[in-house]
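Structure, as structure tokens:
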Amino acid sequence: MNYLAHLHLGGQTPPQLLGSLYGDFVKGLLPGRFPAEIEDAIRLHRRIDAFTDAHPVIKRAMARFPAERRRYAGIVLDVFFDHCLARDWAQYSDVPLGMFTARVYHVLANEPQLPERLALIAPRMAAQDWLGSYVAFEVVGGALAGIARRLSRPEGLAGAMQELQALYGPLSEDFRTFYPELQAFAQAALAAERTSAD
């Protein structure tokens, strides 16, 4: 899962929104590095990633790509699934996408201690509405190009958009099958956290 899905799944308090994003920028052991609620959200982010990686629907979706793409299929799928979530947002959230993303950008703007790389990209994320722009399929290509620039082998993502166009229908079905299960997993994890905190 990519930024939008993690933010949607990880809880809606400001610390939960922050931790949902931090999960992509913070590695290693956590205890004491951040406030407890942010650390809980980072741990949930990691559990969501593990649940996703092990899920049979995701394994099936990744197997749809040509063999030479498999090493990078997870990256492509993460970004494409954010497109699917933005496209079908009203099926999964009662809050309009524009209101949700505006809240995320507000929380980021009001946090003075963002992790280093997130601190660099957060202003661009808001100014260019990275989260809301995923509604448009062509934005996936721009996101993949940005990721490719950070890879040691950027050619690993060359041609991925053409494959996504060819696989758009089946991968969209995979998303519709998988995402409600992921939502249920995340909601159960959040409920268990609330119970243990009481």
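Here, each number is a calculation from the coordinates, and none is a lab measurement. The structure presented is a predicted model; accordingly, all values stated were derived computationally and were not measured. Here Cβ is always computed from backbone atoms with ideal geometry, including for glycine, and neighbour counts include all displayed protein chains.
Per-structure values
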quantity	calculated
Residue-span extension gain [residue 173 to residue 149] - 0.36 nm each, minus C-alpha spacing	5.7 nm
Choice from 133, 152, 20 showing the highest fluctuation, given a GNM over the chain with Cα pairs closer than 10 Å	152
The stretch 100-198: translational diffusion in µm²/s, Stokes-Einstein, Kirkwood Rh over Cα pairs, 37 °C, 0.692 mPa s	197 µm²/s
92, 22, 134, 105 arranged by Cβ crowding within 10 Å, fewest neighbours leading	92, 105, 22, 134
FRET E, pair residue 33, residue 110, Förster distance 22 Å, beta-carbon r, rounded to 0.05	0.65
Charge context of residue 162, other residues only, Cβ under 15 angstrom, K/R +1, D/E -1	-2
Dipole axis of the chain (+1 Lys, Arg; -1 Asp, Glu on Cβ), positive-most option in 170, 106, 182	170
At R0 = 30 Å, FRET efficiency that the Cβ-Cβ distance of residue 63 and residue 192 yields, to 0.05	0.40
Tensor-based shape of the stretch 2-54 (alpha-carbon gyration tensor, a/c under 1.5 rounded, otherwise prolate or oblate)	oblate
Which of 53, 88 has the fewest Cβ neighbours within 10 Å, and the rest in rising order	53, 88
Dipole magnitude of the chain, debye to nearest 20 (Cβ charges: Lys/Arg +1, Asp/Glu -1, about Cα centre)	540 debye
Neighbour-count order for 147, 58, fewest beta carbons within 10 angstrom listed first	147, 58
Per-residue [θ]222 nm for the chain (sum of -39500 (n - 2.57) over DSSP H runs n ≥ 4, rounded to 500)	-23500 deg cm²/dmol
Dipole of the stretch 1-61, positive direction: furthest Cα of 36, 25, 50, with charges on the beta-carbon	50
Per-residue HN-Hα couplings for the stretch 74-85 [Karplus 6.51, -1.76, 1.60; θ = phi - 60°; Hz; x = Gly/Pro]	x, 5, 4, 5, 4, 5, 4, 5, 5, 4, 4, 5
Against the rule of thumb 2.2 N^0.38 Å, how large the Cα Rg of the chain comes out	1.00
Positive-end residue of 86, 152, 139, charge dipole of the chain with Cβ unit charges	152
Estimated FRET transfer efficiency (residue 54, residue 25; beta-carbon r; R0 25 Å; 0.05)	0.65
Residue-span extension gain [residue 87 to residue 136] - 0.36 nm each, minus C-alpha spacing	16.9 nm
Separation between Cα centres of the stretch 6-64 and the stretch 152-173, rounded to whole Å	24 Å
Stretch gain in nm, segment residue 166-residue 119, where the contour uses 0.36 nm per residue and the Cα spacing is subtracted	13.3 nm
